Structure formats: structure tokens, C-alpha cells
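Student: I'd like to ask some things about the structure below.
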Amino acid sequence: MVRIIDRRFDSRNKSAVNRQRFMRRFKNQIREAVADAISGRSIKDLDNGESVSIPAKDLSEPQFHHGRGGIWETVFTGNDQFSSGDLINRPQGGGAGGTGKGKASNEGEGEDDFVFNLSREEFLDVFFDDLALPNLVKTQLARIHEYKSQRAGFTNDGTPANINVVRSLRGALGRRLALASPYQGRLRELQKELEALLETSPPDDPEVLRLKDEIGILRAKIEAIPFIDTFDLRYNNRVKVPKPTTQAVMFCIMDVSGSMDEDKKATAKRFFMLLYLFLTRTYEHIEVVFIRHHTVAKEVNEEDFFHSRESGGTVVSSALEMMKDILHARYLNGAWNVYGAQASDGDNWENDSPHCRELLANAILPFVQYFAYIEITPGEPQNLWREYEKLNGAHPNFAMQHIEGLPDIYPVFRELFKKKLA
Amino acid sequence: MSAKRQKRRHPLPAPGEWTFELIEAYHAEIDRVAREYGLDTYPTQIELITSEQMMDAYSSVGMPVNYHHWSFGKSFLHTEKGYRRGQMGLAYEIVINSNPCIAYLMEENTMTMQALVIAHAAYGHNSFFKGNYLFKQWTNADAIIDYLIFARNYLTECEERYGEEEVELLLDSCHALMNVGVDRYKRPAKLSLSKELTRQRERAEYLQSQVNDLWRTLPAQQVKTQTVEARRFPPEPQENLLYFIEKNAPLLEPWQREVVRIVRKVGQYFFPQRQTQVMNEGWATYWHYTLINTLYDEGLLTDSFMMEFLHSHTNVVYQPAYSEPWYRGLNPYALGFAMWQDIRRICENPTDEDRYWFPDMAGSNWRETFDFAMRNFKDESFIAQFLSPKIMRDFRLFAILDDDKEAKLKVSAIHDEAGYRKVREIMSDNYNLGSREPNLQVWNVDLRGDRSLTLRHQAYLRRPLNGEADEVLKHVARLWGFAVRMEVAHEDGRIELLHECRQDRRRADKD
């Protein structure tokens, strides 16, 4: 007897647990792979998953097997040219013909990297698993800047400007019909009587005259019903719905003075990209303002921001002034969440640093959700760092970090946006 | 009678899409013919699954239940990638050596494929599982599913109690030793869920007490043994590393010993499959071919059904030549199928050559010979016994000698009169797990000293261990808890220390 069982509908995704374990186990490699992938992408290209490759070496499940070497004697098929005792050159690379030595490594995967696809969600989760935008909760719950007026049916009172003509007249018509209906009924009866009477009687019969009178009175009563009444009026109703702010602007400020070499710029670039990526997770629409500076600041496009070369001294405040101006001119209408990110090697003109601090404290920090400063320098913190340190405690939306080289960038990013306990 | 025959003349419908009724109808016919041929099988349980479930089953080494481990996730991703890109078709079927024998059919298969799979898996493999001595001796079809359920629950419990991380590390180490964790010659005890459960706790306590006893060091004794010749432990070299660790590793907790045991049991369960690939696949292929053809001869199958069937069948038994780029060694389906067909030919229509090579077999009853061969051989002995000169000629087999001390490869034998025996001998050795895989033994434990464990690789034909050996050694050290050494015993008698992995994990460190 055979049993046929339909298992197609039970326990799908049995392997999901194993997949999760796999992801957890190789979290570090996956993170690295994702971070690498980002640097190759344009800053706006974030809607795709990523194919991640992990070195086969890390994934291997080692076992005792034979390695190459020693004596192997193996049988093959399809002899087309050999006879016993023939000597053959070793095939190069063990490729074609497969007559290479040893066969212990016939496990499909070979030396290639293990490649698999992360879905977009998984891809982003790798970054944001335990991060949250600072102050984001506040923004969403407390600081709703904008309301949207939205239709919500009709009401009985309101301003004349909102009168809905169709609704009001429809109401009036109904009211008139309703109020007139007893008179109409009576009117029809009387008219029938009158017609019947006129067949037999002359028009000046007193009964006919009486009926005509009564009909006249009824008509007058019907006429007297008002065409439109305040009671009929309907007004369009509108309610205000809070509109979540779903747009953000991100200011990228970078020092391009002579002391910023390519390595430092590359590090800064990663930082900006990561910040951008993070913001896309939260906001529907993001604008990015690139400001680079040496002794003077300039607003540029992305290409120029990262790639054009400049040199010269450093006056950081020029960039902050520019950020302030742009901020006030374009983004202070309450519809924008403002984020600032500044990267520098901290080597500022000595007298300028206190000015920078004042600018930040008075003209910028009060308006931004978050401002992050990273100082990319291999050694001691520079003068800008020392000035900014004074801001650190007083402003919860200000953060600063010191980065030495590329490998530090990711931990620093996590540090900056670490979930803050309420 | 005539009515019945009349009915048989009507072929079974062969639409592209399968239905449950049709599967049942086809199964009934296949079952009838199989019985006529005398195939002895476990009851069959056919399960319809989706391709995703097939990949699930793939990645948990083909078992319907298994414990969780990242490596199964990896294998799932690998399978999925291949499948999505169309680089790889999924196997049409997975069959589980259990009683009842579970055969998975994939939803995507056509009716023809389902019939092929039923004949192949539910009758071919099934009867092999039931009859072959290796499976009878080493596996227990009645209990495997229960045991896997027990194993999964036990590991889940361990994860809850000791943390996923801890269990995962342990499993990693055990998996690394899985292929040196089998008894090759000793018969393992039968598995049974109820016994496992009732005995598991007892065993844990008992084992621990044994181990403690083994490692107990009394100062008085220590002084005495200085003079006495050191007691050798293990008294004889042990081939089953996992078993040795389970019983003797000084620092493992009882639950860890149980996990080692679980991995060992699962590894043991798959051991016969690795030794009977050619026979088993060949047997199943032979029977699907024969059963379906018999049905066709009876007029039960349409021509279109047969065309599709033959198309799949020829793909399965395709054997590329060594020079072709897609050559991946001998195709066990092709070789096995050819050999079983050839055995029948030798029984029914022997030539003079066959009479000379197989005097007992030529002209015998083919069903009896089949039964004998299926029950009593594994790949290595099957080839040594039954590979005929005709097959060697048909496959144009030749042997290459690759000695890394010689500049050139040498053709040591080909499919000619002088070479038949040599080719057969070499080929048999190619399928011998004993020479394919390194021979490793637990050689010594330094009981009185640093408690280090020494493994010895008995080199064979100067074949070295692969580069992963030191990685595996780390896993051994993790399980053992003390230093582990790997020696090579060369064939000229030299002993060479290959790797050493120092480790000193005392209980105190863990707390």
C-alpha cells in the first residue's frame, strides 16, 4: 500500500533558521563586503540588494582529505589515443582533460569565493541593525511642523465660502417635496373633482367656484414654501491632518585644503555615503548640499566635491558661514530635517577656530537635527577639535569623532549614531 | 481474462500535468511489475513537495528533519543560487533510507518524470536499502527519523541551556571530524528513540564517571609509575576519532559528549551511501528503465510518454570522455547502469569471453545473480567482481599513473587483453574509501604528562594530507582540550611531526 502525502503547503522556509544562522555567523564578512560594495556605488544607488562574496577560505568546513602529491592511479573513460606504457605530459593547471593529479579536491566549490545575494532589506539591515537616528523619535512625535488640510465630508455650519451648492440645493429640493406633499395630494383630489363637476355642471356653478377657490389657496400655500432655507445649507468640511516631514537635507562639509590628502578624502567620502544611506532609510526625499572649503567655501556638485583638487590654507568658518546662509535661505521653512556632517583634518587657522565654535553653537546647532564632526588625522587632535570639544556636552545633537584611517570608519559610524537610550 | 487484457491495451493517460489520481494509478502499475520481478521493498511513502522544499531537503543533507546549523544555510544559499540562475537543475527526487521509505517528488515534474522517479526511488533505491548488507548492517531504517527528531530536540534544548554560540562551535568541530568519525569494521548498536531517551541521561553520568576515573591522578601512584613502563593509551590505535573523543576527552561536559555522539551517528548513517554510489544509482537506474519498459511492452504507456522518459534517461546515463570539458569523472549512474545491464546479458546471453571470465555467472538465473550481487557487495568489491571486459571496452577505460616524482604521467593499462585485470584492480581501488581517504588513527595519549593527544596518519603511496589538516587539528584540540599533534608515518618507517596545536583549556578557564 502506498501513502501519497501532499507536503507542498506545510513548513515552507524550513531553511530560514539555517539562513539566519549563516548570516549571523558571517556577519563580519558580510559587513565588510557590504561596505566595500558601497564605495563602488553612486551615493544615490541604494535601492538594490547586493551580491556579497565571502572568501571561500573563511567559509570552509575543513576535513581531513588527501592533498596533492604522492602516487595516484586513476581510471578514466573514453580512451582515444593511448596504449599501455605511453608517457604523457602533465596537463597544465589540471584543467582540460581532468587528468590532473589527485582527485581529493573534487568538491565543486573549489577556490572561488562564495557568492550569494542579499535582498535590499538584508543589505540595509546589515548597516542599521541596531542604529537609530538621533532625535528622530522627537521629530516624529513632538515636532510636527506641517499640517495638511484634507476633505472630511460635509457639515451643517461653516463660512459662506465653503457652501456646497449641489448638496445645499439637493437638500432644499427634498425639503420642498416633503413639506408640499400633503397639499399636493389634496390639490390633485380637488382638481379631479373639479373636472368631474365641469362635465355635468356649468362653469359658474357655486360648487365649481368653491373648488376653484380652495385650489387657489392650496397653490398659494405650496408657493409659500421657501425655495431655500438656512436649514438646507451644507458646507464643505476640511480637517487638518498632521503631515509627517519626510524630507531631509544633508550638508556635507569637507576640507579640501592642502593638508587633506587623497586618503583622508576617501575616508571622508565613506563617511558621507554612510550618512546618506542612513538618511534614505528614514526620509523619502533627501537633498544633499556639498560645501567644500579651503580658505573660501564653495557650493559644488557631487563630482567636484569628491574629485576636484584644490590646495591652500584652511578657514573652516567660511564653510560654516556658507552652510548658515544656505540653511536660512532654503531650508528653514519647517519642512526640512537638517543634518550636518563635517570632515576635516582639524588643521585650521588658529584664530578661526573659536569663531567656528560660535557659529556652530549660535547659528547652526539650534536648527539642525544632528551635526557630526569627524576629524581625520593620524596623530594628536588639532586645534579645531579642541574648540569643538567645548560644544560637546552642551549640545546633545552634536557629535564628534576622531578617525585614523579607513578601517576605523565603520565603527565610528556606529559610534556616532548609536541608539541613544531615552 | 480477455476483458482484463483489453483493459490493459488502453494506455494510461499521459498529460504533462500530474494529478494525485494519476500518480496513484501509475504507482499501482509500477508496483505490480516490480512485484513480478520480485523486488523486495519497504512500504513506500510518496511526498509531493515544492522546489523550495527540495532545496531545503538538499541542504539538510537530504533528511526531512535535522538540527540547525549555519553550514546547512550555506548549502541552501549555494543550491538556491545555482537553481535561480539555471546553472543547475534540482535532482528530480530525494529518497530516504527509512521504513517506510520516503520518496520526495517535486511539484514541477511532469507526469512522466513522476513515474520515472517512483520507479527509480521508491522501487530501485528502496529495494537496495532494504537488501544491501551495508545498509542492513550500518543503518536502521526503522529508527532514523525518530533519531533525527530526538537529535534536533536535544540540540535545541542544549542551545537554550548553553547558548547557540557554544553549540555551534561544538558542532563545527564535530562536523570537521565527521568523516573520521565512523566505524569502518565494527557494527554500531541499533538506534531506537525510546532507548536513546531513557539511556541518554544514564550514559551521560556513567561516561563522566569513567572519564574522571581515567584522569584521576593520585600522588602515590604517580611516584610508582615513574619506574613502571608507562601504560599505553589507547592500548590499540583507534580509527574512530569522534568515538574516541566522546568516550575519552577529559574536559567535555556530558551534554557535549551527547552532541559528539549525535554527529557521529548521523555520519555513520551516511557511511554506506558513500560506499555504494555506483551500485546503488546503477541499480535504481536499471530498475526504472526495466520497469517502465515492461509497462510500455504491456501497452500501458503512450509513445509520447516513452519519448520523454528516454530523453531523461539518456541524460542521466550520459558519460563524457576524459577529453571533454564537462568530464567530471565516471558517472556512477552510467557505470552502474551499464554494469547491471551487462550482468543480465552475461546471465542470459553469455559469450565465450564471458564464460571464461565469469564461469559461475554465465548462463545462471539473472534474478538470482542480481539479488546476490545487490545484497553482498559494495562499489569496491562490486567492480572487482563484476566489471567485465566488455564494459571496459565500451567505456574505453584506461588508467593513468601519476607519480609526483616522475616528470610524466604514465598510461599504466588500457582496455586490452593485457590490461583488463589491471584496469579493474585500479578502478576497484579508486572506489575504496580506505585508500581514497587518509588513514588516520588515534595513536597515543600522554596520560602522565601533558595529556596531549597524538594522531597518526599512515601515509599510503606518499599521499600527503591536504592543507586543511591544521585547521581540522584545531577542532580536534578544541574537543580534546589539550595539545594535539599530528604525525605522519611514512611508508619507509620514518615518523614525522606534521602539525602541533597547543591548547590548555582547564575547567578553571571556563568559569
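The values are calculated or read from the model by the stated rules, or taken from the named source; none is laboratory data. Remember, it's a predicted structure, so these values are computed and weren't measured experimentally. With ideal geometry, Cβ positions are generated from the backbone for all residues, glycine too; neighbour counts draw on all protein chains shown.
Student: Among the residues of region B:157-190, count how many are in contact with a Lys or Arg (Cβ under 6 Å, 6 or more places away or on another chain) and either under 15 Å from B:Q256 (Cα atoms) or at pLDDT 90 or above (or both).
Tutor: So the count comes out to 1.
Student: Would you check which residues across region A:316-356 are buried (at least 18 other Cβ atoms within 10 Å of the Cβ), aliphatic (A, V, I, L, M) and touching a strand residue (DSSP E or B) at 6+ places or on another chain (Cβ under 7 Å) and list them?
Tutor: Those that are buried (at least 18 other Cβ atoms within 10 Å of the Cβ), aliphatic (A, V, I, L, M) and touching a strand residue (DSSP E or B) at 6+ places or on another chain (Cβ under 7 Å): A:V316, A:A319, A:M322, A:M323, A:L327, A:V338, A:A341, A:A343.
Table: residues versus (1) more than 11 Å from A:P62 (Cβ to Cβ); (2) within 14 Å of another protein chain (Cβ to nearest Cβ).
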{"site": "B:L440", "(1), (2)": "yes, yes"}
{"site": "B:N444", "(1), (2)": "yes, no"}
{"site": "B:R451", "(1), (2)": "yes, no"}
{"site": "B:Q458", "(1), (2)": "yes, yes"}
{"site": "B:P464", "(1), (2)": "yes, yes"}
{"site": "B:D470", "(1), (2)": "no, yes"}
{"site": "B:L473", "(1), (2)": "no, yes"}
{"site": "B:R478", "(1), (2)": "yes, yes"}
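Student: Okay, moving on. Can you spot a residue in region B:24-41 that is modelled with pLDDT under 80 and under 21 Å from B:W287 (Cβ atoms)?
Tutor: Taking every residue of region B:24-41 in turn, none turns out to be modelled with pLDDT under 80 and under 21 Å from B:W287 (Cβ atoms).
Student: Just to verify a result, which residue in region B:371-387, among those that are crowded, with 19+ Cβ neighbours inside 10 Å and part of a helix (DSSP H, G or I), is farthest from the other protein chains (Cβ to nearest Cβ)?
Tutor: Our first condition is that a residue be crowded, with 19+ Cβ neighbours inside 10 Å; within region B:371-387, this holds for B:373-374, B:377-380, B:382-383, B:386-387.
After this cut, where a residue has to be part of a helix (DSSP H, G or I) as well, the list is B:373-374, B:379-380, B:382-383, B:386.
On the way: B:A373: 20, B:M374: 22, B:D379: 13, B:E380: 13, B:F382: 15, B:I383: 9, B:F386: 15 Å.
Only one residue tops the list, namely B:M374.
Student: Yes or no: region B:352-361 includes at least one residue that is closer than 15 Å to A:T77 by Cβ, of a type in the set (D, E) and part of a loop (DSSP other than H, G, I, E, B).
Tutor: For region B:352-361, residues closer than 15 Å to A:T77 by Cβ, of a type in the set (D, E) and part of a loop (DSSP other than H, G, I, E, B): absent.
Student: Could you tell me whether region B:53-70 includes any residue that is more than 7 Å from chain A (Cβ to nearest Cβ), surrounded by fewer than 23 Cβ atoms within 10 Å (Cβ to Cβ) and at pLDDT 90 or above?
Tutor: No - not one qualifying residue is present in region B:53-70.
Student: Tally up the residues in region B:448-484 that are under 15 Å from B:Q503 (Cβ atoms) and part of a helix (DSSP H, G or I), please.
Tutor: Count: 11.
Student: Let me ask something else about it. Of all residues in region B:388-435, which are assigned to a loop (DSSP other than H, G, I, E, B), under 23 Å from B:Q275 (Cα atoms), within 10 Å of chain A (Cβ to nearest Cβ) and free of Cβ contacts under 8 Å to residues at least 60 places away in the same chain?
Tutor: Across region B:388-435, the qualifying residue is only B:L397.
Student: Sticking with this structure for a sec: Hey, any hits in region A:284-292 for a residue that's among the acidic types (D, E) and over 21 Å from A:N348 (Cβ atoms)?
Tutor: Checked against the condition, which is being among the acidic types (D, E) and over 21 Å from A:N348 (Cβ atoms), region A:284-292 yields at least one hit.
Student: Just name the residue that is farthest from B:A399 (Cα to Cα) out of those in region B:311-336 that are away from chain A (no Cβ under 14 Å) and surrounded by 15 or more Cβ atoms within 10 Å (Cβ to Cβ). Explain how you work it out, then say what you get.
Tutor: First, the residues of region B:311-336 that are away from chain A (no Cβ under 14 Å): B:311-316.
Filter once more, keeping what is surrounded by 15 or more Cβ atoms within 10 Å (Cβ to Cβ): B:312-313, B:316.
Working: B:S312: 30, B:H313: 28, B:V316: 24 Å.
Restricting to residues being away from chain A (no Cβ under 14 Å) and surrounded by 15 or more Cβ atoms within 10 Å (Cβ to Cβ), the top hit is B:S312.
Student: Which condition does B:E491 not pass, out of (1) assigned to a loop (DSSP other than H, G, I, E, B); (2) touching a residue at least 60 places away in the same chain (Cβ under 8 Å), if it passes all the others?
Tutor: The number of the failed condition is (2).
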